[in-house]
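Where a number appears in this text, it was derived from the coordinates with a stated rule and is not lab data. The model shown is predicted, which means the values in this text are computed figures rather than measured ones. Please note: Cβ atoms are built from the backbone with ideal geometry, for glycine as well, and neighbour counts cover all protein chains shown.
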Amino acid sequence: MLFGAFVFQALGYAPCAMCIWQRYPHAIAIGMGALLLLALPVLPILIIGALSALSTSALGAFHTGVERGWWEGPTSCTGSGLDVSQMSVSELLPSASSSDPTLILCDEVVWEFLTLSMASWNAILSGVLACLWLVAIARHQKGRWYEAADVS
């Protein structure tokens with residue numbers, strides 16, 4: 001999922017702030033997967049991986065709601081709720097305060113497939129990944145239960 005986000009960015013689809021937020025849990029889940037390869041204590045790693053996938057799925061669902069206008073998003077990256085009379089010069093003229101003058105709005109869909117935006121696809125696919133993590137937890141727990149039963 002994270003690789004796909006970087007591919008879209010390389011193709012010219014600049015991420016908004018909420019898109020960036022959705023990347024952090026993916027990075028954590030990747031780290032947990034790498035730790036599993038090292039055979040470190042498994043259950044905590046599985047739980048953190050599942051929570052990471054669930055959190056990015058939830059962020060994607062929230063972002064989808066912002067894009068669809070179901071609820072308001074953060075005023076820092078949406079077209080709604082901005083009161084220009086209360087904004088500073090640097091906020092009104094982003095090029096004066098940063099090297100990137102482009103503000104990518106979180107409430108605009110810049111790409112969609114089958115009527116679903118990137119945030120929607122992230123919510124769905126991350127939900128599937130979270131289910132896989134939960135299955136891994138269940139299998140791990142089942143295996144531990146069997147091991148405990150074999151010992152006694």
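Table for the structure above
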read-out	value
Burial ordering of CYS16, CYS131, fewest other beta-carbon atoms within 10 Å first	CYS131, CYS16
Charge sum, other residues only, whose C-beta stays under 12 Å from MET118's C-beta, Lys/Arg counted +1 and Asp/Glu -1	-2
FRET efficiency, TRP70 to ALA138 (Cβ-Cβ, R0 30 Å, nearest 0.05)	0.40
Computed P(r) (all Cα pairs; the range 11-79; 10 Å bins; percent)	20, 39, 25, 14, 2
FRET efficiency for LEU37 and VAL110, using Cβ-Cβ distance with R0 set to 30 Å, rounded to 0.05	0.30
Virtual paramagnetic centre 7 Å along Cα→Cβ of VAL128, amide N under 12 Å, in the range 104-121	121
